[in-house]
Amino acid sequence: MQRIAVLTSGGDAPGMNAAVRAVVRCGLKAGLTVFAIRRGFEGLLEGRFEELSDYSVSGLMYAGGSAIECARCPEMLEPHGPEAAADILKRREIDGLITIGGDGTFRGALKIAECGIPIIGIPGTIDNDIPGTERTIGFDTACDTLSWVIQRLRDTAEAHHRTFIVEAMGRHSGWLALYGGLAGGADVILVPEVPWKPEDALATIRRRMREGRTFHLILIAEGAGRAIDLVSWLQEHTSGELEIRASIPGHIQRGGSPTTLDRILASRMGQHAVSALLEGRTSIMIGEACGRLVEVSLAEATDGCRMIDHELYQLALTVG
């Protein structure tokens, strides 16, 4: 193991840069030559390799986004994509690849690994939906951002007696909506894992009105429905008695400087990934369980979607 490469792929997540920094500095300390592949798998297929130095990653601990850039690459879903990627890595004499991203990134990584390339995955996604790890890089920061949004909307909701419906990211998983909503004090949280009807949300609002509440905060994960559709339904079924607004923070949830927790998790995972490559353990993802780092096969990490904690969801309903 002499030459390794690192890439970030899919959607960016706060803390990816801290992971790249750890990979580079731990790799260099171990005597490796470390390359960045810009723009993920797309950049890999285009041959966008750049050798990194210790100075190249200076200051990345605090930066959001990805300094080596991300992209989604449809070619990796085609049979020729992973084969071409593996061939390029072999021609470049890359002995090991570290991929930072979510489920799509790991599916691509697994296919490249099947072509004979040693690969380690580091989970970087705000959705926190990867099987085999309790926490992904970027999730804690995104939760802070979402709860920040809800807290500030509460000020206007209370002042104007309004109902706000906030749409959180999360196409297949409600982790972000659940944590952000619970921390932000949302009155109703709607997630893909729990069936719901608009009548249920309206029943909660009417109960709150009977209790004398004059404002309401509803958080809906995008995989559970669209905020604008729920606004339309509620307006139609409340005959104008409620002033309702939709708020979609969108990609704001992805950005910003990572929290301390995300910086530390990313650094630990980056170091562990380099050590695993050096010790010959490949085709794995570095995860976290009970505060300790664990190694999970890429096959397990790409097997479905990690669902929310239903006990925590019931707590959110109780305190909300």
Worksheet item: Taking the condition without any contact (Cβ under 8 Å) to a residue 60 or more places away in the chain, in contact with a helix residue (DSSP H, G or I) (Cβ under 9 Å, 6 or more places away or on another chain) and among the acidic types (Asp, Glu), does Glu69 pass?
Response: no
Item to complete: For Leu97, work out the one condition from (1) assigned to a loop (DSSP other than H, G, I, E, B); (2) within 20 Å of Val23 (Cα to Cα) it doesn't fulfil.
Response: (1)
Fill in: segment 194-245, residues that are within 25 Å of Arg152 (Cα to Cα) and in a loop (DSSP other than H, G, I, E, B)
Glu211, Gly212, Arg213, Thr214, Phe215, Gly225, Arg226, Gly240, Glu241, Leu242
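Yes/no per residue for (1) out of contact with any strand residue (DSSP E or B) (no Cβ under 8 Å at 6 or more places or on another chain); (2) surrounded by 14 or more Cβ atoms within 10 Å (Cβ to Cβ):
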{"site": "Gly212", "(1), (2)": "yes, no"}
{"site": "Leu219", "(1), (2)": "no, yes"}
{"site": "Ala227", "(1), (2)": "no, yes"}
{"site": "Leu230", "(1), (2)": "no, yes"}
{"site": "Gln235", "(1), (2)": "no, yes"}
{"site": "His251", "(1), (2)": "yes, no"}
{"site": "Arg254", "(1), (2)": "yes, yes"}
Discussion item. Which pairs turn up if I take residues in segment 138-152 that are under 20 Å from Asp187 (Cβ atoms) and look for partners that are of a type in the set (Lys, Arg) and surrounded by fewer than 22 Cβ atoms within 10 Å (Cβ to Cβ) with beta carbon separation below 9 Å, at least 6 apart in sequence or on another chain?
Written reply: Thr145/Arg254
Discussion item. Could you check segment 164-198 and list, in sequence order, the residues that are out of contact with any Ser or Thr (no Cβ under 9 Å at 6 or more places or on another chain), touching a residue at least 40 places away in the same chain (Cβ under 8 Å), within 16 Å of Arg226 (Cβ to Cβ) and of a type outside the set (A, V, I, L, M, F, W, C)?
Written reply: Gly170, Arg171, His172, Gly174
Worksheet entry | Members of segment 8-34 that are closer than 19 Å to Gly108 by Cα and touching an Asp or Glu at 6+ places or on another chain (Cβ under 9 Å) | Thr8, Ser9, Gly10, Gly11, Asp12, Ala13
Item to complete: Would you check if Pro198 is within 17 Å of Met307 (Cβ to Cβ) and surrounded by 15 or more Cβ atoms within 10 Å (Cβ to Cβ)?
Response: no
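From the list Thr282, Thr260, which residue is exposed (fewer than 14 other Cβ atoms within 10 Å of the Cβ) and modelled with pLDDT of 95 or more?
Result: Thr260 is the single residue among Thr282, Thr260 that is exposed (fewer than 14 other Cβ atoms within 10 Å of the Cβ) and modelled with pLDDT of 95 or more.
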Worksheet, complete the sentence: Residue pairs qualifying under the 7 Å Cβ cut-off, at least six apart or on distinct chains, with the first in segment 14-25 being in the same structural domain as Ile122 (by TED's automatic domain parsing) and the second being modelled with pLDDT of 95 or more and basic (Lys, Arg), are Gly15/Arg263; Ala18/Arg263
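The values are calculated or read from the model by the stated rules, or taken from the named source; none is laboratory data. Everything numeric in this text was worked out from a predicted model, so none of it was measured. Every residue, glycine among them, receives a Cβ derived from its backbone with ideal geometry; neighbour counts consider all protein chains shown.
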